[in-house]
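The values are calculated or read from the model by the stated rules, or taken from the named source; none is laboratory data. Just so it is clear, the model here is predicted, and its values are computed rather than measured. Cβ placement follows ideal geometry from the backbone for every residue including glycine, while neighbour counts extend to all protein chains displayed. Just the protein is used for accessible areas: all its heavy atoms, side chains included, with ligands, DNA and RNA removed. Shrake-Rupley method; radii C 1.70, N 1.55, O 1.52, S 1.80 Å.
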Amino acid sequence: MSIDEGTAARVAKLARIKVEEADLPALAQEFNTILGFIEQLNEVDVEGVEPMTSVTPMRLKRREDVVTDGDQQAAVLKNAPDAREGFFAVPKVVE
Amino acid sequence: MSDLTKLTIAGARDALRKGDVTSVELTEACLSAIDAADALNAFVHKTPEIARDRAAAADARIKAGDAPDMCGIPVGIKDLFCTKGVASQAASGILEGFLPEYESTVSQNLVDAGAVMLGKLNMDEFAMGSSNETSVYGNAVNPWRREGSDAALTPGGSSGGSASAVAADLCLAATGTDTGGSIRQPAAFTGTVGIKPTYGRCSRWGVVAFASSLDQAGPMTKDVRDAAIMLQAMCSHDPKDSTSAELAVPDFEAALTGDIRGKTIGIPKEYHMDGMPQEIEDLWTRGKEMLADAGAKIVDISLPHTKYALPAYYVIAPAEASSNLARYDGVRYGHRAKLAQGDGITELYEKTRAEGFGSEVQRRIMVGTYVLSAGFYDAYYNRARKVRTLIKKDFEDAFAQGVDAILTPATPSAAFCLGEMTDADPVQMYLNDVFTVTVNLAGLPGIAVPAGLDKQGLPLGLQLIGRPWEEGDLLNTAYALETAAGFVAKPAKWW
């Protein structure tokens with residue numbers, strides 16, 4: 001499987017990382033090197049093998065469905081690059 | 001007394017109890033050593049005020065009696081741990097200026113035990129790297145140098161600052177984290193001890209996430225006893241981490257009897273890699289002999305899927321990273337790009353992430369995005385998870401045959417030069433983790449122990465892999481190996 005510049009651009013878009021047009025060929029090349037390395041996995045017979053979901057045989061615990069936290073608006077917004085009137089501020093989202 | 005910083009945790013603990021030294025004295029000695037070691041670039045955020053406050057409190061607590069082992073011990077904290085009110089950037093530009101409003105469970109456990117935080121330690125960006133060269137702070141430098149050379153060497157990665165600081169006696173011990181070898185490889189490169197416990201032993205809460213199914217915290221220390229003491233203080237069951245194990249934490253130090261008679265040590269034939277330096281082979285052979293001389297039974301074992309561990313890792317870890325790092329969007333914390341007229345929310349995300357993430361992190365996020373994308377999920381991600389099941393089963397089969405621990409080299413080479421891998425393709429760097437990554441995929445405990453010097457005078461380490469939850473037994477085997485190896489070399493001070 002070879003990755004072309006178009007695929008590299010699509011992946012960058014999906015990942016929400018701006019990649020300049022001029023950098024796409026090198027990026028595609030790196031993807032191909034890494035994916036070429038990963039291709040080895042095709043040698044393994046995985047017929048009937050369950051994909052791992054938990055590395056230790058544990059059941060995820062559940063807790064009581066009650067409020068245990070909250071009322072921390074100031075702390076939540078403390079590190080925001082732009083917070084206004086108790087909200088995170090972002091550029092206009094809806095036209 | 002400049003030798004104070006050279007103390008082990010155990011040595012300092014005993015001296016503090018006897019009143020031979022105070023935590024304030026120990027802490028001041030470390031702070032001076034740190035200020036004199038900027039050339040190592042190990043400490044990237046220094047916290048002398050916090051250190052002095054905690055040291056004074058620790059002295060009062062010790063005086064009152066009944067203080068825990070870590071009380072008054074000056075330590076460094078990897079930048080990946082969130083520490084309340086103290087910069088916690090995961091060595092990334094995207095978390096520039098981030099001051100957590102909370103404390104990670106592991107660092108809180110250390111605070112509760114009375115440990116003294118000296119500052120935050122350099123690392124690879126988001127723990128992605130094997131040489132500490134992807135850090136926004138610049139390279140951490142290994143205090144060790146090749147004989148007759150002043151070329152700067154990598155301390156390894158991702159916990160490179162932790163390894164460098166402990167090896168250079170800037171602190172008594174440090175926290176690290178290990179997703180594919182990030183505690184054990186730097187420990188091996190710097191002649192220090194590093195243990196990654198069983199997945200679930202240490203809470204991941206408040207530790208900046210890289211690959212959640214693989215990440216574990218652990219201590220980096222000057223010897224095995226210290227690793228036992230500090231690991232015990234770091235571990236706990238934590239309701240805030242749903243994968244944290246609800247198991248009592250044993251007394252790890254009490255397990256260090258040094259008696260490994262009758263234990264069975266497995267030697268996996270698949271770890272003989274093509275092109276591995278003869279020195280590493282020889283070290284491994286000596287390690288076998290040492291454990292045999294101590295009364296252990298050595299058996300050859302097979303872990304047939306070893307070869308596929310790295311490729312499986314480089315699907316699973318980037319996949320999880322692409323999901324975990326989606327949170328860095330320029331909205332809630334950290335860096336936000338300046339926008340041009342007319343830019344909307346998508347440009348905000350794309351520009352912020354392009355500016356904030358370094359190239360290796362961007363690469364891994366995009367590889368992860370690709371292997372999870374529609375049409376490739378089964379071919380890559382699900383296949384890798386199936387191979388992971390087989391890798392874990394390899395270990396289970398070995399343990400079922402009665403193997404107590406597995407001995408391997410820790411790394412395929414000694415520390416290399418900073419910049420040496422710049423022109424290599426990314427896969428060449430990934431090969432550093434060839435002996436360590438299997439352990440993360442299987443969720444097992446693993447420890448790196450310094451076992452000798454190469455012909456250029458650089459430390460080399462051996463790795464022991466233990467049964468799940470048997471860190472005490474593993475530490476004891478490591479203790480026997482350490483005692484037999486008698487590694488006492490220290491880097492000559494040049495910084």
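Brief remarks follow.
- Annotation for region B:270-293 versus region B:1-74: alpha-carbon center distance of 38 Å.
- Between region B:133-202 and region B:464-492, the Cα center-to-center distance that results, in Å: 17
- Fraction of alpha-carbon pairs over 17 Å apart in region B:364-495 - percent: 70
- In a simple Cβ point-charge model (Lys, Arg +1; Asp, Glu -1; nothing else charged), region A:1-72 has a dipole of about 360 debye relative to its Cα centre.
- Measuring between their Cα centroids, region A:4-26 and region B:84-110 lie 31 Å from each other.
- Average Cα contact separation per residue, chain B, under 8 Å, 6 or more apart, as relative contact order %: 18
- Once B binds A, the 1.4 Å probe can no longer reach about 5100 Å² of accessible area, counting both sides.
- Per residue accessible area of the protein assembly as shown, 1.4 Å probe, in Å²: 39
- In plain terms, the bigger the Kirkwood radius, the slower the diffusion; for region B:54-210, with that radius from Cα pairs, at 20 °C and 1.002 mPa s, Stokes-Einstein puts D at 135 µm²/s.
- Accessible surface of the protein assembly as shown, 1.4 Å probe: 49 percent of it comes from carbon and sulfur atoms.
- With only the Cα atoms considered, region B:219-259 has a convex hull volume of 78 Å³ per residue.
- Extent along the principal axes, Cα only, for region B:218-375: 73, 40, 31 Å, with the longest axis given first.
- Largest to smallest in accessible area, the residues A:Val19, A:Val94, B:Val136 fall in the order A:Val94, B:Val136, A:Val19 (1.4 Å probe, all protein chains included).
- Region B:395-452 - convex hull of the alpha-carbon atoms, volume per residue in Å³: 102
- Alpha carbon Rg of region B:448-495, scaled by the compact-globule rule 2.2 N^0.38 Å: 1.37
- Only Cα pairs under 8 Å and 6+ residues apart enter the sum, and on that basis the relative contact order of region B:78-211 stands at 24 percent.
- Accessible-area value, B:Thr177, 1.4 Å probe, nucleic acids and ligands omitted, Å²: 10
- Chain-alone versus full-assembly comparison, region A:66-86, residues with accessible loss of at least 40 Å² (1.4 Å probe): A:Asn79, A:Pro81
- Proximal lysines to B:Lys196, defined as alpha-carbon separation beneath 22 angstrom and excluding residues fewer than eight positions away on the same chain: B:Lys78, B:Lys120, B:Lys222, B:Lys240, B:Lys263, B:Lys288, B:Lys307, B:Lys392, B:Lys393
- Computed [θ] at 222 nm, helices only, for chain A once each DSSP H run of length n ≥ 4 contributes -39500 (n - 2.57): -9500 deg cm²/dmol
- Signed unit charges on C-beta, dipole axis of region B:9-50, positive-most listed residue B:Ala36, B:Gly19, B:Thr47: B:Gly19
- Considering only alpha-carbon pairs that sit under 8 angstrom and 6 or more positions apart, the relative contact order computed for region B:371-495 is 24 percent.
- Using just its DSSP H runs of length 4 or more, each adding -39500 (n - 2.57), chain B gives a mean residue ellipticity at 222 nm of -11000 deg cm²/dmol after division by all residues.
- Positive-pole candidate from B:Gly93, B:Ile9, B:Ala245, dipole of chain B, charges at beta carbon: B:Ala245
- From most to least packed by mean Cβ count within 10 Å, the peptides B:78-89, B:94-105, A:59-70 give B:78-89, B:94-105, A:59-70.
- Kirkwood-based Rg to Rh ratio, chain B, C-alpha trace: 0.95
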